[in-house]
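Contents: one structure, followed by commentary.
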Amino acid sequence: MRKAFVPLVVLGAAMFAYAPVAIAHTPYESTMLLIQKVFYFHLAAWAGLGLAISVCGIASAIYLFNGSKVADRLGVAGAELVVVFCTFGMISGSLWARKAWGIWWGWDPKLTMAFIIDLVFVGYILVRRFGGPGAEKLAAAMGIFGLATTPFIYKAADWWRTIHPQTSVMKTLSNTEGGAIMWSTVWFCIVTFLLLTVLVLAARTRLERLKTRLDELYLAAEDL
Amino acid sequence: MFFRTALLVLRKDVAIELRSYEIVSTTVFFALSCVAILSFAFVNEGQAPEGTAAGILWIAIAFSGTLALGRTFERERYGETLKALLLAPAPRPAIYLGKMLGIVALMLATEIVLVPMVNFLFAASLFARPGLLVVILLLGTVGYASVGTLFAAMLVRARTRDVMLPILLYPITVPVIIAGVRGTSALIASPVDDAVAQLWISLLAFFDVVFVTLALWTFEPLMTE
């Protein structure tokens, strides 16, 4: 990873620079026009979120059962990224919802799920920071349970909203005219965000490792 | 051996509780205070909007459940008995199961007072399908207590446990709350919506199975220092 890091950063930066150009070249969606363009980054953020949740949950389980320090650092990095992507996704989603449905927030299943996942992983970060000695293990439990509860939250919110349908109905993106170029742009953005996720995970894991190393050095210096 | 250990832990908790009724009585009154506070938010001109009763019932259950969890483990921490319990040559998951059953018993005892009270105050027909109501309450309580017991047990060592327990527990148990509220609403509705209630019961059952399994699996490494 260390050797590939710099080239990948360059690649990621180039992809992010090109993404707006690609999005500008896509045709307007027939009903939502300009606002639909937020979709390219919006969906891509959810892809990054999915990856980050999985990484955090699985790394937490590994840490809990064999105490691997690498897994612990990956867990922190994953949890922080989940919060970042969730917040970004909710903001971009709100903008879109305002334009498409006329409301900022509609308790749509996906919105509800994003909100609760945000709470779960903010909980992860809080317990890690303020949990006192052994807080890493508490946080790891939160990571595992957070990953496990995600599908339940989605299913529950889905039934809650669709059994009694209310004003807003989930709009599906029509991809009839100019569909191919729109979908290729969507995929381009998803790959860009996934690459970003991996890079940030790597950088954040390294930062956590250096922090521990620094603490050890301080302790060693005090003993002298 | 496994179930005998769990039952012994449960018997110990029940015996301590029966001596003073401290947790049961305080939890019941806390739940009733919740109902009172919430009714001020919803009741307008002597009537609560339709379906409010289910929401108020489950909020009261969740809040009083947190209190019962906190008090139960505070008692263990105060006497340093949790350490002794963990040192005992017994399978750790059995200890977890015993503690969880104790919490479930406490929460059910609260619900026995709470449910008729909500039924009476909000003129809701909660007992239209007593069988389904009992199933929803039981499954919801087990789901809530399964995650709650594990988190309360692991937070015993943390200094900030009082505030951390709700922060960690509520987002994880959101599915239980949604399913409980919606399932109970379906029972209150006229005519009673059996199919919807059963749908939510199936979600609750699935949640219970997954989270009890996860908790039994992670209790051992979590409680090992």
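Taking the condition out of contact with any His (no Cβ under 7 Å at 6 or more places or on another chain) and within 7 Å of chain B (Cβ to nearest Cβ), does A:Ile144 pass? When the stated conditions are applied, A:Ile144 passes them. Do we have B:Ala94 as farther than 24 Å from B:Val163 by Cβ and either buried (at least 19 other Cβ atoms within 10 Å of the Cβ) or among the acidic types (Asp, Glu) (or both) here? Yes. Within the option set B:Leu137, B:Leu169, being hydrophobic (A, V, I, L, M, F, W, C) and within 18 Å of B:Gly51 (Cβ to Cβ) holds for one residue only, B:Leu137. Among the residues of the range B:11-28, write down those that are open to solvent by 40 Å² or more (accessible area, probe 1.4 Å) and either within 15 Å of B:Phe73 (Cα to Cα) or assigned to a helix (DSSP H, G or I) (or both). Matches in the range B:11-28: B:Arg11, B:Lys12, B:Val14, B:Ala15, B:Ile16, B:Leu18, B:Arg19, B:Ser20, B:Glu22, B:Ser25, B:Thr26.
For A:Ser174, the conditions (1) at pLDDT below 80; (2) open to solvent by 60 Å² or more (accessible area, probe 1.4 Å); (3) over 24 Å from the mean Cα position of the chain (by Cα) are fulfilled apart from (2). Just one of (1) of a type in the set (A, V, I, L, M, F, W, C); (2) open to solvent by 40 Å² or more (accessible area, probe 1.4 Å); (3) closer than 21 Å to B:Arg157 by Cα fails for A:Leu147. It is (3). Within the set B:Ala179, B:Ala152, the sole residue that is more than 23 Å from B:Ala53 (Cβ to Cβ), assigned to a helix (DSSP H, G or I) and of a type in the set (Gly, Ala, Ser) turns out to be B:Ala152.
Only residues that are part of a helix (DSSP H, G or I) and open to solvent by 60 Å² or more (accessible area, probe 1.4 Å): list them for the range B:34-58, please. Walk me through how you get there before you give the answer.
Kept after step one, since they are part of a helix (DSSP H, G or I), are these residues of the range B:34-58: B:34-42, B:52-58.
Scanning the range B:34-58 gives B:Ile37, B:Phe40, B:Ala41, B:Phe42.
Within the bounds of the range B:85-102, is there any residue that is in a helix (DSSP H, G or I) and under 30 Å from B:Ala124 (Cα atoms)? The answer is yes, given that some residue of the range B:85-102 is in a helix (DSSP H, G or I) and under 30 Å from B:Ala124 (Cα atoms).
Would you be able to say whether some residue in the range B:205-215 is in contact with a Pro (Cβ under 6 Å, 6 or more places away or on another chain), crowded, with 20+ Cβ neighbours inside 10 Å, within 9 Å of chain A (Cβ to nearest Cβ) and modelled with pLDDT of 90 or more? Full working, then the answer.
Of all residues in the range B:205-215, those in contact with a Pro (Cβ under 6 Å, 6 or more places away or on another chain) come to B:207.
Now drop any that are not crowded, with 20+ Cβ neighbours inside 10 Å, which leaves B:207.
Applying the additional criterion that residues be within 9 Å of chain A (Cβ to nearest Cβ) yields B:207.
Then drop every residue that is not modelled with pLDDT of 90 or more, which leaves B:207.
Yes, there is a match, as at least one residue in the range B:205-215 is in contact with a Pro (Cβ under 6 Å, 6 or more places away or on another chain), crowded, with 20+ Cβ neighbours inside 10 Å, within 9 Å of chain A (Cβ to nearest Cβ) and modelled with pLDDT of 90 or more.
Scanning the range B:158-184 for residues that are out of contact with any Phe, Trp or Tyr (no Cβ under 9 Å at 6 or more places or on another chain) and in contact (Cβ under 8 Å) with a residue 60 or more places away in the chain, we see that the one that is nearest to the other protein chains (Cβ to nearest Cβ) is B:Tyr170.
If you go through the range A:54-75 one residue at a time, do you hit one that is more than 20 Å from A:Ala141 (Cβ to Cβ), open to solvent by 30 Å² or more (accessible area, probe 1.4 Å) and part of a helix (DSSP H, G or I)? Show your work before the answer.
We begin by selecting, within the range A:54-75, every residue more than 20 Å from A:Ala141 (Cβ to Cβ); these are none.
No: the range A:54-75 contains no residue that is more than 20 Å from A:Ala141 (Cβ to Cβ), open to solvent by 30 Å² or more (accessible area, probe 1.4 Å) and part of a helix (DSSP H, G or I).
Assessment of the range B:73-90 against the conditions (surrounded by 19 or more Cβ atoms within 10 Å (Cβ to Cβ) and acidic (Asp, Glu)) yields at least one matching residue. Tally time: how many residues in the range A:81-130 are more than 12 Å from every other protein chain (Cβ to nearest Cβ) and open to solvent by 50 Å² or more (accessible area, probe 1.4 Å)? Total satisfying the criteria: 12. Screening A:Pro165 with (1) at pLDDT below 90; (2) in contact with a Leu (Cβ under 6 Å, 6 or more places away or on another chain) gives one miss only, at (2).
Is there a residue being out of contact with any Phe, Trp or Tyr (no Cβ under 9 Å at 6 or more places or on another chain), in contact (Cβ under 8 Å) with a residue 60 or more places away in the chain and over 18 Å from B:Met107 (Cβ atoms) anywhere in the range B:22-43? So far as the range B:22-43 goes, no, none of its residues is out of contact with any Phe, Trp or Tyr (no Cβ under 9 Å at 6 or more places or on another chain), in contact (Cβ under 8 Å) with a residue 60 or more places away in the chain and over 18 Å from B:Met107 (Cβ atoms).
Starting from residues that are assigned to a helix (DSSP H, G or I) and polar (S, T, N, Q), keep the ones in the range B:103-132 and report whichever is surrounded by the fewest Cβ atoms within 10 Å (Cβ to Cβ).
B:Asn119
Restricting B:Val142, B:Val174 to residues that are under 18 Å from A:Gly143 (Cα atoms) and either open to solvent by 10 Å² or more (accessible area, probe 1.4 Å) or of a type in the set (Gly, Ala, Ser) (or both) narrows the list to B:Val174. Selection over the range B:110-157 of residues that are over 26 Å from B:Phe40 (Cα atoms), among the charged types (D, E, K, R) and away from chain A (no Cβ under 11 Å) gives a count of 1. Restricting the range B:185-196 to residues that are within 11 Å of chain A (Cβ to nearest Cβ) and in a helix (DSSP H, G or I) leaves a set whose member that is surrounded by the fewest Cβ atoms within 10 Å (Cβ to Cβ) is B:Ala195.
The values are calculated or read from the model by the stated rules, or taken from the named source; none is laboratory data. Values in this document were obtained by computation on a predicted structure and should not be read as measured data. Positions of Cβ are backbone-derived with ideal geometry, glycine not excepted, and every protein chain shown enters the neighbour counts. The accessibility values were calculated without ligands, DNA or RNA, using every heavy atom of the protein model including side chains. Shrake-Rupley method; radii C 1.70, N 1.55, O 1.52, S 1.80 Å.
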